[in-house]
Each structure stands twice: as C-alpha cells, then as structure tokens.
Amino acid sequence: MTLGATFGVSLFGLDGNLIHIEVDISDGLPTYSLLGLPDLALSESRDRIRSALLNSHERWPNKKVTVSLSPAWLPKSGSHFDLPIAVALLAAQGLIPSERLSQTVFFGELALDGRIRQARGVLPALLALRNSEIETAVIPFENFSETRLLKNLKIIPVKTIRDVLGWLRRNEIPEQPTVIDEEIKVDTKDFSEVLGQESAKYALEVAAVGSHHVLMIGPPGTGKTMLAERFPTIMPPLTEDESIQVSAIHSLSGDLQHRGISTRQPPFVAPHHTTSRAAMIGGGSHAIKPGACSLAHRGILFVDEAPECATGVLDALRQPLESGAVTISRAIGSATFPAQFVLALAANPCPCGRFAGRGRACQCTSVQVRRYLHRLSGPLLDRIDIRLQVLPPTRESLSSHARSESSAEMRARVIEARGRSEARLLPLGISRNSEIPASLLREKLRAERSAMVFLHGELEKENITARGFHKVLRVAWSIADLAAHEIPSLSDVQQAMTLREGLELMS
Amino acid sequence: MAKNVHADQLGKSGELHVARFLEHHKCRIIERNWRIKNGEIDIIALSPEGIYLFIEVKSRSSEAFGHPLESISIGKVHRLQKLALAWLALHGKFGSEYRIDAAAVLLRRGVFEIDYREAVA
C-alpha cells in the first residue's frame with residue numbers, strides 16, 4: 001500500500017479541528033511535499049520525522065512523499081503534527097496495520113531520537129473530539145494528567161515512537177503515569193494570617209459572593225497584596241465544567257503544571273504593572289495565545305500598583321469586563337477566549353504612598369495626589385463595584401492573640417450565600433449579583449422600601465450617580481445574601497454605600 | 001586526490017551498470033556522457049516503445065551521506081529538462097516523446113544495486 005491516513009488536531013485559540021492526514025508515496029526523486037497551509041514549525045516536520053524514524057530503526061521512504069492535511073483551506077500550525085504524519089508515513093509503507101488509524105488521533109512533537117515531547121494545548125485539542133468518531137488519542141506521556149478530566153476517550157500516553165508502534169503492531173499498552181489527585185490542593189495561604197483588616201476581609205467576602213470587581217486603596221505595607229492573594233481561598237470551588245474550561249486555557253499557555261491539573265480552586269493571576277497590552281488580553285502573530293485576563297477566567301485578575309500601569313493596558317480590559325470574552329484578531333484569523341474574571345486592583349493613594357489617615361508623612365503636592373488615582377480611567381472605575389480603603393492596622397489588632405477567621409470559615413459563608421443568590425438568579429438567566437441588569441434592579445429585584453427611599457434621597461443629593469445607584473444595589477444584594485436576608489434591608493444598602501468609600505479619595 | 005579517482009571510477013562503473021540494465025530491458029543506448037557547455041547527460045537511450053530516455057545516474061559507495069537520489073535538486077532537474085530539449089532539437093527529434101529518469105547505484109559489499117526511477121521531472 002502506498003497510501004496511509006490517520007488523524008491529528010489543529011488548534012486555533014481554544015478551537016480544535018480534526019485534521020485528516022494522508023501520506024502518499026510514489027516513485028520519483030526523494031522529495032517531501034507538505035500540503036494544507038502549514039506554518040514554519042510544521043514545514044520543518046520532515047527532518048524531525050526522518051531522524052526520529054531512522055533512529056528508531058524504522059524505514060524512511062527514499063521516494064516522492066506527499067503529505068496532505070485536510071481540510072486544506074484551514075491554516076495549520078505547530079509541531080504536534082509530527083506524530084500523526086510519522087504514523088501515516090509508516091502506514092503508507094505498509095509497516096504498520098492500519099485498521100486502528102481511522103479511529104485514532106495522534107498528537108505530539110518528535111525529538112530526533114524518537115522520543116515524544118510534551119506538547120501545549122492537549123486538553124483543548126482533545127475537547128474538540130467530543131462529537132467525532134475518534135475513540136482513542138495517543139498523546140505525550142507528560143500530558144497524560146491533563147486528560148484525566150475527559151471521559152469517553154481512551155488515552156494512550158507514549159514516551160517514544162517505539163511505544164506507539166508497539167501499541168499499533170502488538171497491542172501493547174504502555175504504562176500509564178500515576179497521577180496524584182490534586183483536586184484538593186492544599187493552599188499555604190490563609191486569611192487567618194491577616195491580622196486586623198476586618199472590614200477589608202468582609203468586603204472581599206461580599207465581592208466573592210457576587211463576583212464584584214474590587215479596588216483597594218491604601219498606603220504601602222497595609223496588606224493589600226496579602227489580602228488579594230488570599231482572595232481565591234474564599235471563592236466557591238469551580239464546577240467540573242468550569243475546571244475543564246480553565247484547565248484548557250492554561251494548557252494552551254503551557255502553565256498547567258504550575259496550576260495543578262484538575263484543581264477546583266479558582267485561578268489567581270497577578271500580572272506585573274509593566275505588563276503589555278498583548279500579555280494582558282492575549283495575542284501573538286502565528287499562534288494566538290491567551291493573555292492574563294483569560295488565564296484568570298473564573299478566577300481573579302489582580303493588578304498591584306494599578307495606576308502605574310502603562311496607558312491603555314487596564315483600559316484594554318474594559319471589553320472583556322463587559323462581554324466576558326476577548327476576541328483577538330490577527331492576519332491569520334481571530335480567536336476568542338473566555339475571560340470572566342473578578343478584577344482586583346490595588347493602588348497607593350498617592351505617588352509616595354503615604355497619603356493616608358491625616359496624610360502627614362506624605363510629600364506629594366496636592367495636584368500630584370489628585371492626579372495619581374485619576375490615571376485609572378473613569379470608564380474602568382465605573383465597572384468596579386467595590387472600592388475600599390485599606391488603612392494601616394491598629395496596634396491592638398497586630399498584638400491581639402485572637403486568631404483571625406480562617407479562609408475555610410469565610411468560604412463556607414460565601415458558598416452558602418452564593419447558593420441563595422443562584423436560587424434567585426438562575427431562573428432569570430443570570431448567575432451572579434454583579435450581572436443583574438439595571439431594569440431588574442428597579443422592578444423585580446428592588447431592595448426594601450425604606451432602602452429604596454434612602455437611595456433615591458442619595459441620588460437627589462447627588463451623592464451617587466444613576467450608575468452608582470445600580471451598583472450599590474447589586475452589592476447590597478450580595479450583602480443581603482451573606483446575611484441571609486430575603487431582600488436587601490436599609491442597613492444592607494447603607495453598608496453597600498460604605499464599600500464605595502474609597503471613591504471619596506478620588507474626588 | 002586518490003579518493004576522487006575512486007569516486008570517478010565508481011561513477012563510471014555505475015553508469016556502465018545502468019547502461020547494461022537498460023539494455024537488459026530492451027532499450028537502445030544512443031549516447032553516453034553527452035556533453036555541451038551547459039552540462040552533461042549521463043545516458044541517452046531509446047525505449048522499445050520509442051520514447052527517448054534521458055537518464056541521470058548517481059552512484060554512491062554507502063548511504064552514509066543519504067540516499068544517492070537525494071542529491072538531485074530541483075535546480076538539477078530543471079537543467080536536465082533543458083538539456084534534454086537541447087539534445088532533441090540538435091538531433092532533429094524535437095516533438096518526439098521523451099522522459100527524464102534517474103538511477104541510483106549503490107555499491108554494497110562489491111555488488112551494484114540499481115534503484116531506477118521513471119519520470120522524475
């Protein structure tokens with residue numbers, strides 16, 4: 001037989017496509033032509049496959065080899081087509097039985113000695129096979145753990161091309177790596193380590209219930225970063241579907257190993273304030289990669305020293321904040337990544353950072369102070385529901401021996417409150433308090449009568465804007481859920497107002 | 001220098017073997033090592049079907065440097081095309097059916113192995 005065929009997967013963003021790979025060997029001068037819009041890494045496959053086959057004591061056909069990747073119109077990129085091409089090449093030479101090849105997908109880059117290297121994006125690629133006739137996937141050994149979340153697919157982890165051939169020729173199943181159960185990842189960070197700051201902790205609890213975005217303003221050393229780092233420990237765990245989605249995104253960026261494969265903990269991503277726009281929202285010219293905001297999908301995106309960010313970087317987040325997804329368009333096409341994250345910003349109150357309390361030690365001029373926080377644009381701040389001031393802890397709180405509440409205790413409350421809000425919101429087609437549309441807040445989901453009267457009063461006194469009015473109500477719903485109130489009471493709404501006190505610093 | 005002489009001899013005997021191989025297949029050898037300033041054609045033959053064959057022969061004593069035919073580049077193939085047409089024109093055979101073939105000769109333990117490929121260009 002001079003024709004061999006099998007399957008591979010091409011990835012563009014998070015979208016995988018099944019690729020039919022055919023190899024034809026005919027007489028003629030030894031040439032290798034690769035059809036189907038391959039990129040550079042893929043065009044180099046010939047030399048890798050040739051060396052890998054020869055070093056595995058397999059035959060390389062010194063004939064005219066034509067490799068076709070179809071659908072031909074779809075641009076393909078990446079070195080993970082090495083393995084399926086090599087397999088189809090051996091099938092075309094009649095060196096391996098071909099009956100299994102039509103239900104199997106192969107994925108992996110070959111090393112010159114025949115080993116199969118770890119690949120990026122195995123999980124999203126295999127997710128694309130859910131509605132296909134493919135029953136088995138042959139993938140690199142090191143990527144085995146990330147496929148544990150997949151059902152209905154037989155996974156063959158392989159270390160070398162010999163393993164692949166052993167399976168195809170003699171049905172030898174290679175040994176599977178032992179996977180450590182990481183579902184309950186022990187997090188070393190806990191809120192009990194944060195002394196004092198009770199109001200800030202409470203604010204984060206409220207934020208966790210309703211997925212509200214948070215801005216923390218306070219002088220250096222008061223614990224803004226400490227608080228933010230512990231924010232994920234009080235978020236409800238991800239559902240299984242969410243966990244697969246989050247892991248798929250991290251698989252693409254290749255940092256799944258750091259995160260832990262099937263962990264249910266929401267991701268915490270903290271890009272540095274010098275980060276570029278492309279790193280924040282995603283980009284890349286030949287393979288579009290997810291940015292920090294997609295890596296933080298279903299979790300927390302924390303930007304420390306937010307006013308120090310380059311102009312436009314934070315504002316680029318406005319679109320994902322609005323739509324929950326980022327679409328990145330490049331010459332080769334556009335990719336959409338989900339990006340539903342809770343934004344947590346931290347900022348000093350002024351350039352020197354000491355403008356707090358009575359602001360005595362601050363050396364900044366009043367103009368500098370005023371300008372500093374104004375670097376955060378109005379439209380961005382509009383999307384942030386909770387703006388809290390983090391003040392230096394008092395002496396008593398630091399010396400107190402009373403143990404602070406642990407993350408587990410806080411999280412239990414959050415989960416309970418989230419249950420209440422979901423029971424109320426899911427029938428309406430939304431899931432979080434921060435997503436309640438304004439129209440519903442004025443009709444179906446109003447607060448208590450006295451609370452509404454109070455809010456309208458504030459609106460009249462121009463203490464809050466119309467948008468602020470709705471934001472306060474959304475936060476009030478989260479507070480009510482935490483307190484197990486049927487609907488937000490006057491005190492819930494007043495409390496929600498105080499969670500916006502950081503705003504005063506800005507005017 | 002000694003090595004080049006060896007390579008030369010290998011090339012010569014390789015071509016001879018291919019010529020015999022062709023005769024064995026009932027081809028008539030018209031010319032060997034036809035040379036003009038633009039290049040050389042190793043063997044020109046006429047097949048029993050009346051097709052003019054232009055054959056490039058590559059001889060190697062081992063596969064250590066890859067398959068012999070791998071050293072025939074696209075540029076070489078184009079050159080062979082031009083040379084073939086030139087030969088046909090010079091001999092008043094322009095318009096006749098012709099084909100460009102390649103033959104690899106591998107000397108393995110004193111035995112010549114011929115790998116013959118038809119219509120390579």
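Restricting to DSSP loop positions (anything but H, G, I, E, B) with no more than 10 other Cβ atoms inside 10 Å of their own Cβ, which trypsin sites (Lys or Arg not before Pro) remain in the stretch A:87-161?
Passing both the DSSP loop test and the Cβ count: A:Lys151.
When each pair of different Cα atoms in the stretch B:1-86 is counted once in the 1/r mean, what is the Kirkwood radius in angstroms, to one decimal?
Averaging 1/r across every pair of different Cα atoms and inverting gives 14.0 Å.
Place +1 on the Cβ of every Lys and Arg and -1 on the Cβ of every Asp and Glu in the protein assembly as shown, take the dipole about the Cα centre, and give the residue among A:Ile96, A:Ala344, B:Ile51 whose Cα lies farthest towards its positive end.
B:Ile51
If you wrap a convex hull around the alpha carbons of the stretch A:97-251, what volume per residue comes out, as a whole number of Å³?
Roughly 155 Å³ of hull volume per residue.
Treating only the Cα positions of the stretch A:191-418 as identical point scatterers, give the base-10 log of I(q)/I(0) from the Debye formula at each q in 0.12 Å⁻¹.
With no solvent term, the Cα-only Debye profile gives -0.68.
Which value, in nm² and rounded to one decimal, describes the direction-averaged projected area of the C-alpha convex hull of the protein assembly as shown?
The Cα convex hull of the protein assembly as shown, projected and averaged over all directions, gives 41.1 nm².
May I ask what percent, to the nearest 5, of DSSP beta bridges between residues of the stretch A:28-124 are antiparallel?
Of those bridges, close to 25 percent are antiparallel.
For chain A, what is the percent of antiparallel DSSP beta bridges, rounded to the nearest 5?
Counting DSSP beta bridges with both partners in chain A, the antiparallel share is about 50 percent.
How large is the helix-only mean residue ellipticity at 222 nm for the protein assembly as shown, computed as the sum of -39500 (n - 2.57) over DSSP H runs with n ≥ 4, divided by its residue count, in deg cm²/dmol to the nearest 500?
The helix contribution divided over the protein assembly as shown gives -10000 deg cm²/dmol.
Take the alpha carbon atoms of the stretch A:310-385, find their radius of gyration, then divide it by 2.2 N^0.38 Å using N residues; give the quotient.
Normalised Cα radius of gyration, the stretch A:310-385: 1.49.
Looking at the P(r) of the stretch A:336-445, how many percent of alpha-carbon pairs lie beyond 24 Å?
Cα-Cα pairs in the stretch A:336-445 separated by more than 24 Å: 54 percent.
For a quick check: with amide H placed at 1.01 Å from N, whose amide H comes under 5 Å from A:Gly284's, ignoring anything fewer than 5 positions away on the same chain?
A:Lys289
Gain in length, B:Lys26 to B:His78, computed as 0.36 nm per residue apart minus the alpha-carbon separation, to one decimal in nm?
16.0 nm
Nearest 5 is fine: what % of DSSP beta bridges in the stretch A:259-395 come out antiparallel, could you say?
Of the beta bridges lying entirely in the stretch A:259-395, close to 55 percent run antiparallel.
Scale the Cα Rg of the stretch A:3-170 by the rule-of-thumb value 2.2 N^0.38 Å and send over the ratio, two decimals.
The stretch A:3-170 yields a ratio of 0.94.
Given A:Lys159/A:Lys189; A:Lys76/A:Lys159; A:Lys151/A:Lys289; A:Lys76/B:Lys82, which pairs have Cα atoms separated by over 31 Å?
A:Lys159/A:Lys189; A:Lys76/B:Lys82
Show the residues, 5+ positions off or on another chain, whose built amide H is closer than 5 Å to the amide H of A:Phe355.
A:Cys350
Longest span of chain A, sites excluded, free of GluC sites (Glu not before Pro) in DSSP loop with at most 15 other C-beta atoms within 10 Å?
Between the exposed loop sites, the longest stretch runs A:184-442.
In whole Hz and in residue order, list the ³J(HN,Hα) couplings for the stretch B:65-72 that follow from phi through the Karplus curve 6.51 cos²θ - 1.76 cosθ + 1.60, θ = phi - 60°; x for Gly and Pro.
Working through the residues one at a time gives 9, x, 5, x, 6, 5, 7, 8 Hz.
With all distinct Cα pairs included, what does the Kirkwood hydrodynamic radius of the stretch A:410-475 come out to in Å, to one decimal, could you say?
12.9 Å
What would the Debye equation give as log₁₀ I(q)/I(0) for the stretch A:368-507 at q = 0.09, 0.15, 0.17, 0.18 Å⁻¹, counting only Cα atoms as equal point scatterers?
-0.34, -0.87, -1.04, -1.12
Under a crude label model (7 Å from the Cα following the beta-carbon direction), how far is B:Ser96 from A:Ile430 in nanometres?
With each label point 7 Å from Cα toward Cβ, the separation is 8.7 nm.
Are there any trypsin sites (Lys or Arg not before Pro) in the stretch A:23-89 that are in a DSSP loop and have at most 12 other Cβ atoms within 10 Å? List them by number.
Taking the stretch A:23-89 and a limit of 12 other Cβ atoms within 10 Å, the loop trypsin sites (Lys or Arg not before Pro) found are A:Arg59.
For the stretch A:133-138, what does the Karplus curve 6.51 cos²θ - 1.76 cosθ + 1.60, with θ = phi - 60°, yield as ³J(HN,Hα) per residue in whole Hz, taken in order and with x for Gly and Pro?
Calculated HN-Hα couplings, in order: 7, 6, 10, 10, 10, 9 Hz.
Quote the charge dipole size of the protein assembly as shown about the Cα centre in Debye, to the nearest 20; the model charges only the Cβ of Lys and Arg (+1) and of Asp and Glu (-1).
Charge dipole, the protein assembly as shown, about its Cα centre: 1200 debye, nearest 20.
Non-local amide H neighbours of A:Phe302 (under 5 Å, H modeled in plane, Pro and chain starts lacking H): which ones?
Under 5 Å from the amide H of A:Phe302: A:Val269, A:Ala270, A:Ala344.
With 10 Å bins from zero, work out the P(r) of the stretch A:436-507 over every alpha carbon pair and list the percent per bin.
Values per bin, smallest distances first: 21, 58, 19, 1.
About the Cα centre, and with charges only on the beta carbon of Lys, Arg (+1) and Asp, Glu (-1), how big is the dipole of the stretch A:3-170? Nearest 20 debye, please.
It works out to roughly 380 debye.
If the only charges are +1 at each Lys and Arg Cβ and -1 at each Asp and Glu Cβ, what is the size of the charge dipole of chain B around the Cα centre, to the nearest 20 debye?
Here chain B has a charge dipole of around 280 debye.
Please give the per residue volume of the convex hull enclosing the alpha carbon atoms of the stretch A:275-322, rounded to a whole number of Å³.
Per residue, the Cα convex hull of the stretch A:275-322 comes to 76 Å³.
From the cross-link list A:Lys63/B:Lys76; B:Lys37/B:Lys76; B:Lys12/B:Lys58, which pairs have alpha carbons spaced over 20 Å apart?
Pairs exceeding the cut-off: none.
Here, each number is a calculation from the coordinates, and none is a lab measurement. Worth saying up front: this structure is predicted, and the values here are computed from it rather than measured. Virtual Cβ from ideal backbone geometry, glycine too; neighbours counted across all protein chains shown.
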